[in-house]
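Each remark here refers to the structure printed beneath this line.
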Amino acid sequence: METSTKYVFVTGGVTSSLGKGIIASSLAKLLQSSGYSVTIQKLDPYLNVDPGTLNPYEHGECYVTEDGAETDLDLGHYERFLNIHTSQLNNVTTGRIYQTVINKERKGDYLGKTVQVVPHITDEIKRCIQLVGTKHRFDVVITEIGGTVGDIESLPYIEAVRQLRYQLGNTNSVVIHLTLVPYLAAAGELKTKPTQHSVKALLENGVQPDILVLRTERNLNMEIRKKVALFCNVDGDAVIQSIDVPTIYDVPIKMNEEKLDQIVLRKLNLPQNKVVELRQWKEFLAKVKNPKREVTIALVGKYTQLPDAYKSICESFIHAGAANECKVIVQMINSEKLNDENANQLLASVNGILVAPGFGSRGIDGKYVAVKYARENNIPFFGICLGMQCAVIEFARNVLGYTDAVSTEMEAATEHTVIDIMESQKKITEKGGTMRLGAYPCKLNSNSLTAKVYGQTKISERHRHRYEFNNDYLERFSKAGMVAAGINETSGLVEIMEIPSHRWFIGVQFHPEYKSTVLSPHPLFVGFVKAAMTTIKN
Ligand code: GLN
């Protein structure tokens, strides 16, 4: 098979949550820093067509791309590490693969053939893997196979990898297998047997890994590495460790020290004589590790038990903290537990309050309480999506005096429906992929705080919502002191509300957290942290 794109497959064994996404992102970063064009793709073995319909407690946050795909949170890591945009092509689920194959079958495209997992499902997997490479002519595509080797649902993916490796030829693809080497305290030993078994499971499916990355709490000596190499048929230098580190942003540096990038390039027959340019990355890391100040931000939401539910927001604070040389402590506050009685106790000492995105009425009253507390006490406030809608409702109720102000997502329409379903959403009945999704332009009012924060008046941000600000109220809000700072000129939709008399009070209908990266921290997060720093009491 003729190809100019090279393929790296990342599989995982022994247990889930070993950080395949971070290893894939780190390798991609290193290859990108050596001058190669790289992208990363995630194949998810579940039957949802996309994670948009999943509760964040199932798989963490749903990450939205420029083109409006609702995707796995690993795509957020890919973008944050690589500073590039991903798209629908970068995340494929078993649900999507089957949907495509079944739609083709219904159209009669298989010409009377029996449609089977092999070859039809595996062919569709291979098509999706190669499409991402050929469409944008990447030098290297790194494909992360979700799940753990040995799972029933991973089998078609491993088989597709086996076939592709055969078809692409030896020097055009590499398999990296990530496993765990546990330390047994009672025996005082690091154990390699789970790794051996997991490689055996891969071999049973016809795939010989080229490189083993071993997650470990302790340094792996030469003896252990040699033993793993011998029992798993890999080169001695291709057994490398991934030791626990304080921040995920250390991993590219560690992988570079372990020469992961060089081994991959060697196996792919690609020149290695380029300089790995990590200066900016290292400067960022130095700032993360040596903050001069510290602020605490209350993140008010209902998925606070699982920090992954707010992954992009938490990472954006790390980027914005580094930009301000300030450590940002994110204090999760469950909005279901927040009320007027305990607000002072829970919020008095924070330097900023963020009300998170979300859906549905559970915990909504606590969000209004958080907005009110920030507004009345001049505490920097940042509302994202539902957080902006809460700010509007709180203002309507407590400043404009419309005590019945509502969003029709939470309650039936009243005389003062200040947040309402978008016209374009009224006829939609299906849930999956039907919200207002992806990037839309927004024109900022040049006198606004938001325009000052961005340093420009034309922006584009990503969306994921069904409800919007009711424009009938715009004048009444303006007169009372809450103004629209940005609108989408085509639809007239209000994208940003702010209170100019407040120290820093901005609510946005979009999701700035999806666009913050290590090398390009998002201006709104940078501005919010800066404002929070002005409240530090010496
Ligand atoms: N539930 C709200 C809407 O659909 C907000 C969505 C969000 O926060 N992402 O408009």
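The values are calculated or read from the model by the stated rules, or taken from the named source; none is laboratory data. Keep in mind it's a predicted model, so treat the numbers as computed, not measured. Because the Cβ atoms are built from the backbone with ideal geometry, glycine has one as well, and the counts that use them run over all protein chains shown.
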- Item | Failed item, numbered, when K515 is tested on (1) within 16 Å of the ligand (Cβ to nearest atom); (2) crowded, with 21+ Cβ neighbours inside 10 Å; (3) among the charged types (D, E, K, R); (4) within 27 Å of M410 (Cβ to Cβ) | (4)
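Results for (1) closer than 23 Å to Q32 by Cβ; (2) surrounded by fewer than 21 Cβ atoms within 10 Å (Cβ to Cβ); (3) touching a His at 6+ places or on another chain (Cβ under 6 Å), shown as yes or no for each residue.
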| site | (1), (2), (3) |
| --- | --- |
| Q208 | no, yes, no |
| R218 | no, yes, no |
| M222 | no, yes, no |
| D237 | yes, yes, no |
| I248 | yes, yes, no |
| I253 | yes, yes, no |
| N256 | yes, yes, no |
| L260 | yes, no, no |
- Message: Regarding segment 56-67, can at least one residue be identified that is touching a strand residue (DSSP E or B) at 6+ places or on another chain (Cβ under 6 Å) and surrounded by fewer than 19 Cβ atoms within 10 Å (Cβ to Cβ)?
- Response: yes
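Please go through segment 1-16 and pick out each residue that is in contact (Cβ under 8 Å) with a residue 24 or more places away in the chain and in a loop (DSSP other than H, G, I, E, B).
Listed by number, the residues that qualify are M1, T3, S4, T5, G13, V14, T15, S16.
Mind listing just one residue for me: the one in segment 397-415 that is touching a residue at least 40 places away in the same chain (Cβ under 8 Å) and touching a Ser or Thr at 6+ places or on another chain (Cβ under 9 Å) and, of those, nearest to the ligand (Cβ to nearest atom)? Before the answer, list the steps.
Let us first name the residues in segment 397-415 that are touching a residue at least 40 places away in the same chain (Cβ under 8 Å), namely 399-400, 407-411.
From what is left, the residues that are touching a Ser or Thr at 6+ places or on another chain (Cβ under 9 Å) are 407-411.
Details: S407: 8, T408: 10, E409: 5, M410: 9, E411: 13 Å.
Looking at the filtered set, the residue picked out is E409.
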- Query: What number of residues within segment 460-483 are within 16 Å of the ligand (Cβ to nearest atom), surrounded by fewer than 19 Cβ atoms within 10 Å (Cβ to Cβ) and closer than 30 Å to H85 by Cβ?
  - Reply: 1
- Query: When both residues are 6+ apart or on different chains and their Cβ atoms are under 9 Å apart, which pairs have a first residue that lies in segment 195-220 and is under 17 Å from K259 (Cβ atoms), and a second that is in a helix (DSSP H, G or I) and of a type in the set (S, T, Y)?
  - Reply: L212/T195; L214/T195
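Within segment 427-441, take every residue that is within 13 Å of the ligand (Cβ to nearest atom) and not in a strand (DSSP E or B) and give me the one that is surrounded by the most Cβ atoms within 10 Å (Cβ to Cβ).
M435
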- Task: Determine the pairs where a residue that is modelled with pLDDT under 95 and outside any loop (DSSP other than H, G, I, E, B), located within segment 17-32, has a partner that is surrounded by fewer than 23 Cβ atoms within 10 Å (Cβ to Cβ) and basic (K, R) with Cβ atoms under 7 Å apart, the partner being 6 or more residues away or on another chain.
- Result: none
